[in-house]
Amino acid sequence: VESIESFLPYRNEAVEVFLTVAKYNATLEGYQGIHRFLERLLPYEFWPSGVSSWTRWNADNFRFIVHELFLYAIAAMLKYERFEGVKELLEQDYFFPAGSPDVQTGMVRFTLFRHYLNSLEHRNSRLKLRRLSLCADFLNKRANLTEIRFDDVMQADFIIFLHADLSPVDEKSTNDRWWPETLLYADRHPGPFEIFARAQSSRYFAKLKTALGVSKKTDLEELLTRYSKQELKVSRWDFDSFNPARLMGINRLDSRP
């Protein structure tokens, strides 16, 4: 926890870079620069080469930090409607180098940026905090930037969650889905997220489709049907969950010029 807290100023610096790219260098080259930066962070989440003893908790601080940076990179792209940038970060796989006993070298999906943090669950139990997710609590507490609010982070988490389910590689693998930690707080959001509210306009929805990886509204409706039939289960924290249809305002989506 101390390691995560001490990283906050450096996270803020990285977010400034993401925002600068989104505002002033919204090009394929700019998006690829962020992609390569995130790619180089992935090995920090896993058993490093040359280390003979390792536990799954050892890298939890790095796993939280890298996960948070990924969320903010997507949030920065969405903030300035750089939907092509979101597409680049979610549809282009990431190269994982040789060396770690945990992951075979090669190309991996963006879902590797999020992991269950056993150490935080242990902390929750040890201190009898009785929280549904300390990870979600930390992400909420740390969302202290003026330009990217916690709502923006939740919106990014939701887009990633939808994108993973709309373009799965292996639906039977839990590793192919995205667990949206921040959406534990989604019940505090009164309606659809901003980009979905704007996507009532068909012209805006035509742009948003790029970030979602869909070609038409019915792709989203079909996904919602799968959730309602529990062919795909929506993330749940004990008794708490969120409503994807409400967060995307599906009834009004793509409903006017």
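The values are calculated or read from the model by the stated rules, or taken from the named source; none is laboratory data. These figures come from a predicted structure and were not determined experimentally. For neighbour counting, all protein chains shown are included, and Cβ atoms are generated from backbone atoms with ideal geometry for every residue, glycine included. Just the protein is used for accessible areas: all its heavy atoms, side chains included, with ligands, DNA and RNA removed. Shrake-Rupley method; radii C 1.70, N 1.55, O 1.52, S 1.80 Å.
Exactly one residue out of Val103, Val66 is touching a residue at least 24 places away in the same chain (Cβ under 8 Å), touching a helix residue (DSSP H, G or I) at 6+ places or on another chain (Cβ under 9 Å) and within 15 Å of Trp178 (Cβ to Cβ): that is Val66.
Considering segment 51-149, the qualifying helices (runs of 4 or more DSSP H), each wholly inside and each with 2 or more residues that are within 18 Å of Phe161 (Cβ to Cβ) and open to solvent by less than 10 Å² (accessible area, probe 1.4 Å), run over 60-79, 83-91, 134-141. Ala26 falls short on exactly one of the conditions (1) among the aliphatic types (A, V, I, L, M); (2) more than 28 Å from Leu120 (Cα to Cα); (3) open to solvent by 20 Å² or more (accessible area, probe 1.4 Å); (4) outside any loop (DSSP other than H, G, I, E, B), and that condition is (4). So, in segment 231-257, how many residues would count as being part of a helix (DSSP H, G or I) and either loosely packed, with under 15 Cβ neighbours inside 10 Å or of a type outside the set (Gly, Ala, Ser) (or both)? The number of residues fulfilling the criteria is 4.
Take the residues in segment 244-257 that are in contact (Cβ under 8 Å) with a residue 40 or more places away in the chain and under 21 Å from the mean Cα position of the chain (by Cα); name whichever of them is nearest to Ala164 (Cα to Cα). The extreme case among them is Pro244.
Filter segment 37-47 for residues that are outside any helix (DSSP H, G or I) and out of contact with any Phe, Trp or Tyr (no Cβ under 8 Å at 6 or more places or on another chain) and give the result. Correct list: Phe46 only. Take the conditions free of Cβ contacts under 8 Å to residues at least 12 places away in the same chain and touching a helix residue (DSSP H, G or I) at 6+ places or on another chain (Cβ under 9 Å) and apply them to Arg131. Does it pass? When the stated conditions are applied, Arg131 passes them. Taken together, Val153, Val169 contain a single residue that is surrounded by 14 or more Cβ atoms within 10 Å (Cβ to Cβ), within 28 Å of Gln230 (Cβ to Cβ) and not hydroxyl-bearing (Ser, Thr, Tyr), which is Val153.
What are the residues in segment 190-230 that are in contact (Cβ under 8 Å) with a residue 24 or more places away in the chain and not in a helix (DSSP H, G or I), if any? If the condition is that a residue be in contact (Cβ under 8 Å) with a residue 24 or more places away in the chain and not in a helix (DSSP H, G or I), then Gly191, Pro192, Phe193, Ala199, Gln200, Ser201, Gly213, Val214 are the ones that fit. With respect to being in contact (Cβ under 8 Å) with a residue 40 or more places away in the chain and either part of a helix (DSSP H, G or I) or open to solvent by 10 Å² or more (accessible area, probe 1.4 Å) (or both), Tyr31 fits the description.
Screening segment 179-200 for residues that are open to solvent by 10 Å² or more (accessible area, probe 1.4 Å) and aliphatic (A, V, I, L, M) and picking the one that is farthest from the chain's Cα centre (by Cα) gives Ala197.
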